[in-house]
Structures are given as C-alpha cells and as structure tokens.
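The values are calculated or read from the model by the stated rules, or taken from the named source; none is laboratory data. Every value quoted in this text rests on a predicted model; they were computed, and no experiment measured them. We place every Cβ from the backbone using ideal geometry, glycine too, and count neighbours over all the protein chains shown.
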Amino acid sequence: MPPPGDLAAILGRDYRVAGLVDHDIVQAAPPGTDATVRIDGDQITGSAGCNIYSAPVVLDGDRIQIGAIALTERACVDSSDWFAFLDTLAGAVALEPFDGGLVIRAGQERAVFLQ
C-alpha cells in the first residue's frame, strides 16, 4: 500500500469492511454481512449489508471528511445491515494503510478496517 498521501492508489477500489474498533471494543463484521466501501473522487459509496449508502467526501493527503450519509430503505428480509460502521464513517478524519488494506479513523478511539 502506498503512503497515505498517494490518493490514486485508494480511489476506485472496492474494500470489504473487515471490522471496527470503538474505544476498547474490537468488532469483526457480523457473519453474512457484506459491508463495503468505495471512494471515487468526491464520493464514498458502498453497502451496509442490505442497504446502499453514499456521501460526499473530501480527501486531502491522509485526511478525510465525509458529509451526510444517504442510505436506501430497502425491505431487508433479515437484519443484515451493519450500521455501526456507518456511524464511524460519519466521524472520519484520517486514512492510513494497514496490512494490505486501509483504515479510516474517527479520532483516537474509533476506526473502520477495510480489506
């Protein structure tokens, strides 16, 4: 993975949400949940499992700012959406490479791990 300042390497790539950290609690993605993230220019898009989301995004080196997240309201058969990671994305402030993937940090205590 390139240094955080090299945005070209992270744009247009689909990432699977592997897990998140909220303070001292580490959470893997729930089984059967296919949560994803894709950053394309000034938009971040993906799936929360069943529903699709999108939001405006501003990237500046290793800094990220995500605007209001719009989410579809599909009638999902089960509760396959994983909204906790969307809460973390909403407070995102930094990007960094991690173990072949990407980490989106929301302050010191919260992060989303992407592979």
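Worth pointing out:
- Complete set of residues in segment 41-59 that are in a loop (DSSP other than H, G, I, E, B) and either in contact with a Lys or Arg (Cβ under 8 Å, 6 or more places away or on another chain) or of a type outside the set (D, E, K, R) (or both): GLY41, ALA48, GLY49, CYS50, ASN51
- THR45 out of contact with any His (no Cβ under 8 Å at 6 or more places or on another chain), over 18 Å from PHE98 (Cβ atoms), modelled with pLDDT of 90 or more and not charged (D, E, K, R): yes
- Annotation: of all residues in segment 14-30 being assigned to a strand (DSSP E or B), touching a residue at least 40 places away in the same chain (Cβ under 8 Å) and of a type in the set (A, V, I, L, M, F, W, C), the one that is surrounded by the most Cβ atoms within 10 Å (Cβ to Cβ) is VAL17.
- Contact annotation: no residue pair with Cβ atoms under 9 Å, 6 or more positions apart or on different chains, pairs a residue in segment 95-115 that is under 15 Å from ARG63 (Cβ atoms) and at pLDDT below 90 with a partner that is outside any strand (DSSP E or B) and among the aromatic types (Phe, Trp, Tyr).
- Whichever residue in segment 60-115 is assigned to a strand (DSSP E or B) and charged (D, E, K, R) and, among such residues, is nearest to the chain's Cα centre (by Cα): ARG105
- Condition check for GLU109: over 16 Å from ILE39 (Cβ atoms) and touching a His at 6+ places or on another chain (Cβ under 9 Å): yes
- Restricting attention to segment 37-58, the residues that are surrounded by 18 or more Cβ atoms within 10 Å (Cβ to Cβ), under 10 Å from the mean Cα position of the chain (by Cα) and of a type in the set (Val, Ile, Thr) add up to 3.
- Residue match in segment 7-16 (condition: under 25 Å from GLU109 (Cβ atoms) and touching a Lys or Arg at 6+ places or on another chain (Cβ under 8 Å)): yes
- The set of residues in segment 4-13 being in contact with a strand residue (DSSP E or B) (Cβ under 8 Å, 6 or more places away or on another chain) and surrounded by fewer than 14 Cβ atoms within 10 Å (Cβ to Cβ) consists of LEU11, GLY12, ARG13.
- Positions within segment 17-35 being over 19 Å from ARG110 (Cβ atoms) and in contact with an Asp or Glu (Cβ under 9 Å, 6 or more places away or on another chain), in sequence order: GLY32
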